[in-house]
Amino acid sequence: MLNRCSSRSLLIVWLLMSALMVTGCRGCRNEDQASDMAAEEKKEEDEERSLPGEKKKPIEKPPFETESAVIYPGQYSDVIRKNRAKPGHWVTADFRVMANQADSGGNLTATAYSTTAPVPVESTNYFAVSSRPFSIPKGELRNLETSVYIPRRERQPSVNINFEFNRDSGGSFSEIHGTPTLKAGQYHMVVLTNRPDAYSYLNVIDSVVLPSSSETGSSLPPFYTVVRTRPSQEPIALPRQSLCWTTIAYLIWDDLSVDQLDADQQQALIDWIHFGGQLILSGPDCLDRLGNSFLADYLPAKFKGAKNLTAADFELINQHWAVPIANQPTRRRTISVTEKTPILGVTFEPHPDAQFISNTGQIAIERKIGRGRVVVTAFSMDDRPVVRWPGFRSFFNGCLLRRPGRQFGLSGNGTLTFAWTTDDTSIFDPLLGSTLRYLSRDLVNHDSAEWTVELGTPQDPRIPEEDITGFLPTEGVGLRGSPGLMAASIDRPSFATDLPSRNLADSWHYGGYQHDEQSGTASWNDHSGVSAAARTTLKQAAGITPPSSGFVLRMLAVYLVVLVPVNWLIFRSIGKVEWAWIAAPFIALGGALMVARMASLDIGFVRSATQVSC
């Protein structure tokens, strides 16, 4: 009896445990079963939608997948695209495309576009079209670069570029991509670096953008659009021909490898320097890396060795560039360097044609190359003690950028005032924003002219004695501004072309050059001094002058005399007056031949044999 009860108890316990185990397994599989049921329901719905016996078709991808075009030196970025184009200039547009269905080849054209039609080149009825072949393997993302001319137009806050793909296999498609424009006094500043975040301070430094807002609350336009490279995203956003470098005013080279620029980009960089571009090399590592590169023949110094920069090395910089403390004119905010916390620097071996920049000791050295310059600093431009030094703003503006000294202040109503200390021109004067000049585009066109332009190596621009920024009534004004400074306001500037108050003694920035109202400097120009002189020379050499009004009247008088009275008298004398009507057409034909002959002699078609060569 006891054995039967024990067996029954064991059986009941076993059954209960089995039930618990089964319930637990189902609980673990609830999510899997739910997803399987959803997939089964979707499959049944798809089958119901399909016709009986019809096999379901896979979803086809479009023939091409594209990304937004980038205008160099803009940069691909997940956060922001630094795309800016300038009317009157050639730009390099990079268009990324992938072929999904098969290998594809054909021709890509690019045209500046309005909303509905191509934009004609100014003063013509024609528009410019750039064309290049393309070949895209299936599944591979390709960068297709092409040069595009951006014509000038009134009221042009942005430009559109139409990209049209014409495939060899037939068919075509097009896409229009837009980008904002730069004003005449705005340019690009490019930073070649593997650490773009280290140069984020350039976006707020007052040489790039004034740290204030207008009375309406809108931001002031920047002097420069800063583009920091991101080497992980190929290619490096620099054009491959100097024709498209005309919007770049400064190039700062930090730690980017030389190998990341191809041969065409390297040659374009050298050409750009000769035309007036300014290259700034940051610190000891950069100079050592470039010592055996394509820039070796243009460097102002060689790397002699590393050294620790102490307070003694910055003595002249502190005397000249350190700004005074508010309400304490005898004291200045000097750079903080001690024996225990030195700054890593370099010892220079100067080139014979180079010179240390005045009032910097041996911290900065420069060398003129054509119209441009190459400058090297002994310290890294992203070194924190240097960047946090309030006087770095003045040093950066006057020493590295070679712009005139500035004077800041506050007006009675709290408006921030800004002016050049050595020049009364506009703060957005295009000739001060960039020193890049193309002689055939920027030379002044004087109609009457007795004027001279100094060609060759430009004069060394005078460094201002002080970039006066320290007397603002705000303690610790730094690179990112301060609450007191950010609350100030300034009137929005205008981009005027008639700037009679320029300091023409500054031959490096001015020197007989002009700018266009929309395009600034180095833009396409059919009416520059060189173009006008070429047209005048050709006219003078050809010896061709239009017939004068006196010549036309004399020829007409002779023709009428021969046609009417002389013709009538001749045939009247022989008694055949009616024949005068028959002779009239022959007289007209002879008169036309005579006039053509006399006109050729008068304007020089027959007698002139002058040749003009360039």
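Out of region 304-345, which trypsin sites (Lys or Arg not before Pro) are coil in DSSP terms and have no more than 11 other C-beta atoms within 10 Å?
K340
Full-extension gain between Q540 and L504, please, as 0.36 nm times their residue separation minus the C-alpha to C-alpha distance.
Roughly 9.8 nm would be gained on extension.
Given the peptides 171-184, 429-442, arrange them by the average over their residues of other C-beta atoms within 10 Å, most packed first.
On the way: 171-184: 16.1, 429-442: 23.2.
Top to bottom by mean Cβ count within 10 Å: 429-442, 171-184.
May I ask you to give the solvent-accessible area per residue for region 269-321, in square angstrom, as obtained with a 1.4 angstrom probe? Before the final figure, lay out each step's value.
Working: 2170 Å² over 53 residues.
I get 41 Å² per residue for region 269-321.
May I ask you to compute the full-extension gain from L344 to N166, defined as 0.36 nm times their residue separation minus their alpha-carbon distance, rounded to one decimal in nm? Don't jump to the answer; show the numbers that get you there.
Values: separation 178, 0.36 × 178 = 64.08 nm, distance 5.55 nm.
Length gained, L344 through N166: 58.5 nm.
Long-range amide H contacts for L144: which residues qualify at under 5 Å (H placed 1.01 Å from N, peptide plane, sequence gap of 5 or more or a different chain)?
HN-HN under 5 Å from L144: F95, R96, V97.
Short version: ³J(HN,Hα) in whole Hz for each residue of region 251-259, in order, from phi by Karplus 6.51 cos²θ - 1.76 cosθ + 1.60 (θ = phi - 60°), x for Gly and Pro, what are they?
Ordered by residue, 3J(HN,Hα) equals 10, 9, 10, 10, 10, 5, 6, 4, 5 Hz.
Give, in nm to one decimal, the length gained when the segment between R331 and V258 is fully stretched (0.36 nm per residue of separation minus the Cα-Cα distance).
Gain on extension, R331 to V258, equals 21.9 nm.
Search the structure for amide H atoms under 5 Å from the amide H of R406, placed 1.01 Å from N in the peptide plane, and list their residues when 5 or more places away or on another chain.
For R406, whose amide H was placed from the backbone, the distant partners under 5 Å are T421, I468.
Please report how far the C-alpha centroid of region 104-125 lies from that of region 521-591, rounded to the nearest whole angstrom.
44
Please arrange D382, D264 by accessible surface area, largest first, computed with a 1.4 Å probe and ligands excluded.
D264, D382
The values are calculated or read from the model by the stated rules, or taken from the named source; none is laboratory data. Just so it is clear, the model here is predicted, and its values are computed rather than measured. Note that each Cβ is placed from the backbone with ideal geometry, even for glycine, and that neighbours are counted across all protein chains shown. When the accessible area is computed, the model is the full protein with side chains, heavy atoms only, and any ligands, DNA or RNA have been set aside. Shrake-Rupley method; radii C 1.70, N 1.55, O 1.52, S 1.80 Å.
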